[in-house]
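These notes concern the structure reproduced below.
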Amino acid sequence: MMEGDSVTLYTGVQTKQQEDIKWYFKDTRIAHITGDLSKICTDVQCNGDTERFRDRLKLDHQTGSLTITHTTNKHSGPYQLKIFSSSNSFEKIFSVTSQDVPASERDEMKRKSVMEGESVTLDPAVNKNPNDVMMWYYNDTRLAEITGEPSKICTDVHSDERFRDRLKLDHQTGSLTITHTTNTHSGEYTLQINSSSFSIKRSFTVSVTDVPDSGLSSGAVVGICVAVGVILLLLAPVIYWKRRSKDTGIRRSDRANGVNCLMSDSSHTSSTQTEQI
């Protein structure tokens, strides 16, 4: 397991309200239940030396199965199940290992932040056993399930339309991808892995951030673009006419100045010749 996961250890039996079921961690009793429910205890109620399990143990009254929540590496080790009845006794040993993953890596894997419209992938980060059943949940809604061969993906679109045509399940790794996300996909996702003797629950948190809004709808933006285009088309002839008129005026002014210069030069020449005469 990974730190923070929950694990359930199955007894594999249905009680007949006659059994006496005890759980031990190493040599310390951590849970005890009798078939008639006359005695039920967990962690410090059973033994004062079980502080590491305080408020972390849950006992199934029907089967005697034990759940350990919010695990840490302190919960790694052998767990022993003992079942006693008037006719026989039964023992079973589980070996539990909780990996000590750095907080930064754990947060990166379990906490996902994306922008609206992007895809997000939730990776179980486990070696999938072909016989295991993997189920993905959003709140209490089951989104997807993979059972080995044949693998299948199911989406409960009748109760949650927000995931329609947005889920992809990797049959090899069990990872779940949510495409075209919106802020309605933000929340907590749970992966449950079931085997014949145990189950593991792992939680993921997804946060989808809205894309900054200009305050205008797409229709309004299109309308503005069209209006600007029409205005430019209407103004084009006017701009062209003004530009041409300006150029024509400059040419006329230049010709007028040229004539004046010529006339001035001619007058000067005539005056000079008269003086010489």
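Numbers for the structure displayed
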{"item": "Residue list for the range 117-127, restricted to those being touching a residue at least 60 places away in the same chain (Cβ under 8 Å), buried (at least 16 other Cβ atoms within 10 Å of the Cβ) and not small (Gly, Ala, Ser)", "result": "Val120, Leu122, Pro124, Val126"}
{"item": "Identity of the residue in the range 18-34, without any contact (Cβ under 8 Å) to a residue 24 or more places away in the chain and not hydroxyl-bearing (Ser, Thr, Tyr), that ends up surrounded by the most Cβ atoms within 10 Å (Cβ to Cβ)", "result": "His32"}
{"item": "Flag if Val7 is of a type outside the set (S, T, N, Q), touching a residue at least 24 places away in the same chain (Cβ under 8 Å) and surrounded by fewer than 17 Cβ atoms within 10 Å (Cβ to Cβ)", "result": "no"}
{"item": "Residue check for Leu216: in a helix (DSSP H, G or I), at pLDDT below 90 and on the phi < 0 side of the Ramachandran plot", "result": "no"}
{"item": "Subset of the range 27-50 (residues that are in contact with a helix residue (DSSP H, G or I) (Cβ under 8 Å, 6 or more places away or on another chain) and acidic (Asp, Glu))", "result": "Asp43"}
{"item": "Only one of Ser65, Ser86, Ser38 that is in contact with a strand residue (DSSP E or B) (Cβ under 9 Å, 6 or more places away or on another chain), among the hydroxyl-bearing types (Ser, Thr, Tyr) and at negative phi", "result": "Ser65"}
{"item": "Filtered residues of the range 29-39 (kept if in a strand (DSSP E or B) and more than 20 Å from Ser6 (Cβ to Cβ))", "result": "Arg29, His32, Thr34"}
{"item": "Filter result for Lys112 (modelled with pLDDT under 90 and either in contact with a strand residue (DSSP E or B) (Cβ under 8 Å, 6 or more places away or on another chain) or assigned to a strand (DSSP E or B) (or both))", "result": "no"}
{"item": "Count - residues of the range 70-92 that are among the β-branched types (Val, Ile, Thr) and under 19 Å from Ile21 (Cβ atoms)", "result": "1"}
{"item": "Those residues of the range 123-148 which are modelled with pLDDT of 90 or more and in contact with a Pro (Cβ under 9 Å, 6 or more places away or on another chain), in sequence order", "result": "Met134"}
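The values are calculated or read from the model by the stated rules, or taken from the named source; none is laboratory data. A quick note: this is a predicted structure, and the numbers were derived from the prediction, not measured. In this analysis, Cβ positions are derived from the backbone assuming ideal geometry, glycine residues included, and neighbour counts consider all displayed protein chains.
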